[in-house]
Amino acid sequence: MRCLGKTAIDAPPVDRHRLYEDVLAIVTGALVVSLGVVIYSKAVLLTGSTAGLALLLQYVTGSSFWLMFSLVNLPFYLLAIKRLGWVFAFRTFVAVSLVSLFSRLTAGWVEFARLDPVYATIAGGALMGMGLLILFRHRTGLGGINIVAIYLQERCGIRAGYFQLAVDLAILTAAAFVLPPANLALSIIGATVVNLMLAINHKPGRYVGVT
């Protein structure tokens with residue numbers, strides 16, 4: 001795939017992430033994302049990307065999020081291998097597996113006696129956005145749309161957050177048949193929070209750390 005209108009420029013020398021930095025980042029990012037997912041699941045909210053599809057399938061089928069999330073991501077590993085390489089695909093597989101594991105365990109680690117829906121929307125969305133930002137900066141995604149978003153940003157300069165926002169809104173539109181109107185409205189706000197965090201903080205050239 002070639003993107004017209006983009007010219008390559010020589011990047012200044014930068015220090016690469018060390019292996020332990022990548023490992024810590026992937027574990028931390030997955031842990032933060034999983035906490036946001038658990039908050040959304042508790043509040044019956046929906047986010048975008050494959051995590052949103054997994055939550056939607058959880059609400060419809062009654063199956064666990066961790067299982068749905070693992071299954072939904074399977075078709076996208078081929079794209080990751082073909083377009084972004086084995087290393088990125090492996091990192092993504094590890095991150096997806098960790099989010100699945102942590103989301104299952106976090107439900108037993110954390111209990112909410114009361115969870116305000118508006119707070120859940122903002123806090124859960126911010127947590128998922130921060131977790132994704134950590135993963136993106138260490139060249140790791142969470143499968144699905146994340147893979148396409150990172151590929152387009154690296155090859156075409158299209159901001160990952162804006163691309164994901166458009167896709168996420170389409171997913172949330174489909175959720176209108178499942179969620180109550182109030183929950184759907186809050187979910188749209190939450191998806192906006194997630195993707196604005198990425199759009200504002202994950203601009204090409206702003207962060208030069210590489211793996």
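The values are calculated or read from the model by the stated rules, or taken from the named source; none is laboratory data. Nothing here was measured: the structure is a model prediction, and the numbers come from that model. Counting neighbours? That spans all protein chains shown, and the Cβs are built from the backbone with ideal geometry, glycine included. Heads up: the accessible areas ignore ligands, DNA and RNA and are worked out on the full protein's heavy atoms, side chains in. Shrake-Rupley method; radii C 1.70, N 1.55, O 1.52, S 1.80 Å.
Of all residues in the range 129-145, those satisfying the criterion of being out of contact with any Ser or Thr (no Cβ under 6 Å at 6 or more places or on another chain), assigned to a helix (DSSP H, G or I) and closer than 16 Å to ALA54 by Cβ are GLY131, LEU132.
For the range 185-201, which residues satisfy the criterion of being within 18 Å of GLY29 (Cβ to Cβ), of a type in the set (S, T, N, Q) and within 13 Å of the chain's Cα centre (by Cα)? If the condition is that a residue be within 18 Å of GLY29 (Cβ to Cβ), of a type in the set (S, T, N, Q) and within 13 Å of the chain's Cα centre (by Cα), then ASN195 is the only one that fits. Here is the figure for the range 85-107: residues that are modelled with pLDDT of 85 or more and not aromatic (Phe, Trp, Tyr) total 12.
Screening PHE112 with (1) open to solvent by less than 20 Å² (accessible area, probe 1.4 Å); (2) outside any helix (DSSP H, G or I) gives one miss only, at (1). With respect to PHE90, is the statement that it is over 17 Å from GLY52 (Cβ atoms), surrounded by 13 or more Cβ atoms within 10 Å (Cβ to Cβ) and without any contact (Cβ under 8 Å) to a residue 12 or more places away in the chain true? The answer is yes for PHE90. Across the range 137-167, the qualifying residues are those that are among the polar types (S, T, N, Q) and open to solvent by less than 10 Å² (accessible area, probe 1.4 Å), and the one among them that is modelled with the lowest pLDDT is ASN146. Cβ-Cβ distances below 8 Å connect the following pairs, each with a first residue in the range 27-48 that is basic (Lys, Arg), a second residue that is open to solvent by 10 Å² or more (accessible area, probe 1.4 Å), and a separation of six or more residues or different chains: LYS42/PHE112; LYS42/LEU115. Taking the range 1-81 and the helices (runs of 4 or more DSSP H) fully enclosed by it, the elements with 2 or more residues that are at pLDDT below 85 and open to solvent by 30 Å² or more (accessible area, probe 1.4 Å) are at 19-43. Residues considered: ALA120, ALA107. Of these, the only one that is open to solvent by less than 10 Å² (accessible area, probe 1.4 Å), of a type outside the set (Val, Ile, Thr) and either farther than 25 Å from LEU78 by Cβ or not in a helix (DSSP H, G or I) (or both) is ALA120. Would it be correct to say that ILE189 is within 24 Å of LEU101 (Cα to Cα), open to solvent by 40 Å² or more (accessible area, probe 1.4 Å), at pLDDT 85 or above and assigned to a helix (DSSP H, G or I)? No; evaluated as a whole, the condition is false for this residue. Filtering the range 168-186 to residues that are in contact with a helix residue (DSSP H, G or I) (Cβ under 8 Å, 6 or more places away or on another chain) and either open to solvent by 50 Å² or more (accessible area, probe 1.4 Å) or without any contact (Cβ under 8 Å) to a residue 24 or more places away in the chain (or both) leaves LEU169, ALA174, ALA176, VAL178, ALA182.
Of all the criteria given as (1) more than 14 Å from the chain's Cα centre (by Cα); (2) on the phi > 0 side of the Ramachandran plot; (3) of a type outside the set (Ser, Thr, Tyr), the one not satisfied by ARG139 is (1).
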